[in-house]
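I have placed the structure first, in the form of structure tokens, so that the comments after it can refer back to it.
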Amino acid sequence: MIVAAIGAFPFYWTIVVGSWTNDVIYSDELTLTIGPNLFDSIRRVLTADINLVAATLNSLFVAATTALAVVLFSTLAGFSFAKLRFRGSRVLLVAVVATMAVPAQLGIVPLYLLMNHLNLRGSLLAVILPGLVTAFGVFWMTQFLRGALPDELIDSARIDGASLIKTFWHIALPAARPAAAMLFLFTFAGSWTNFFWPYIILDSKSATLPVALQGLQSQYYTDYPLLLTGALLSTVPLLILFVFAGRQLVAGIMAGAIKG
């Protein structure tokens, strides 16, 4: 309960700041109570000139597409590394994992030049394509399928005449559902909150939600209640996703444990 309270405090503090004015925030007296201006701050965010609805839909499309692609391609690669025998598999897996040590910021310039060459600058595809598969996703699914998918089950499917793709679709993918659900949640959350690359490659018409919320900040004046209320509203879809998908995730893990 103590750890949960510490984790929830920044979210509560966001509500507190959004419910007061800048004068109260800058005062020497610290307040932890929710003020009377929360709904007014929400109204100001919704009526601000940032096209919040379009930005939310853009973020939803990018996050959902990226998360689904990462789950599919990472599970395919994880199944190959975990259960298929081919020359150089260990070297390839080490090479994939090694890319996790390279900071993403180092690839921004060549990635920007590539997207500009493909005429994708300002398009949502420029944000989706670099995130279709991740090294962490491949490593995560490989480690999970090594223990969750018995070799005897794959051999039985081959004896019954199932093709490799059919074996993956009907045996490997259902077995990977708990890990795939967790990977989907974390990938969706990471894509939803991604700011750095979308801020560089997108324009105001195709901006995602974090980029659009940047428009709430004035050049000479920072309205903290307005900014944090916008950040608060941007976390609502994530909370809804974790409330509903989190139950399915726990149920899938428990079902796999009972089956084992």
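For the stretch 195-239, the list of chymotrypsin sites (Phe, Trp or Tyr not before Pro) that fall in a loop by DSSP and count at most 11 other C-beta atoms within 10 angstrom reads 220, 221. Projecting label points 7 angstrom from Cα along Cα→Cβ for residue 4 and residue 61 puts them 3.8 nm apart.
Residues in the stretch 130-155, backbone N under 17 Å from the label point at residue 118 (7 Å along the Cα-to-beta-carbon vector): list them, ranges by number please. Taking a point 7 Å out along Cα→Cβ of residue 118, the residues of the stretch 130-155 whose backbone N falls under 17 Å are 130-135.
Between residue 68 and residue 162, the simple spin-label model (points 7 angstrom out along Cα→Cβ) gives 2.4 nm. In this simple spin-label model, placing a label point 7 Å from the Cα along the Cα-to-Cβ direction at both residue 47 and residue 240 gives a separation of 2.3 nm.
Each residue of the stretch 152-160 was assigned a 3J(HN,Hα) from its phi angle through the Karplus curve 6.51 cos²θ - 1.76 cosθ + 1.60 (θ = phi - 60°); the sequence is 4, 5, 5, 4, 5, 5, 5, 5, 6 Hz, with glycine and proline shown as x. Here the stretch 17-62 and the stretch 111-189 have alpha carbon centers that stand 37 Å from each other. In degrees, nearest 10, range 0 to 90: what is the angle between the Cα axis of helix 52-83 and the longest Cα principal axis of the chain? The angle comes out near 20 degrees.
Once all protein chains are placed together, residue 32 keeps about 90 Å² accessible to a 1.4 angstrom probe.
Note on residue 235: accessible area is roughly 40 Å² with a 1.4 Å probe, heavy atoms of protein only.
Once the Cα atoms are used to define both axes, helix 177-192 deviates from the longest principal axis of the chain by about 30 degrees.
Order 159, 6, most accessible first, counting only protein heavy atoms with a 1.4 angstrom probe.
Numbers: 159 140, 6 115 Å².
So the residues, ranked largest to smallest area, are 159, 6.
In order along the stretch 36-44, phi translates into HN-Hα couplings of x, 9, 5, 5, 5, 5, 5, 5, 5 Hz, rounded to whole numbers, per the Karplus curve 6.51 cos²θ - 1.76 cosθ + 1.60 with θ = phi - 60° and x for Gly and Pro.
For residue 222 and residue 186, the FRET efficiency from 1/(1 + (r/R0)^6), where r spans their Cβ atoms and R0 equals 22 Å, is about 0.10. How far, in degrees from 0 to 90, does helix 89-98 lean away from the longest principal axis of the Cα atoms of the chain, to the nearest 10? Once rounded, the angle reads 10 degrees.
The values are calculated or read from the model by the stated rules, or taken from the named source; none is laboratory data. It should be emphasised that the depicted structure is a prediction, and the values quoted were computed from it without experimental measurement. Here Cβ is always computed from backbone atoms with ideal geometry, including for glycine, and neighbour counts include all displayed protein chains. Note: areas computed on protein heavy atoms with side chains; ligands, DNA, RNA excluded. Shrake-Rupley method; radii C 1.70, N 1.55, O 1.52, S 1.80 Å.
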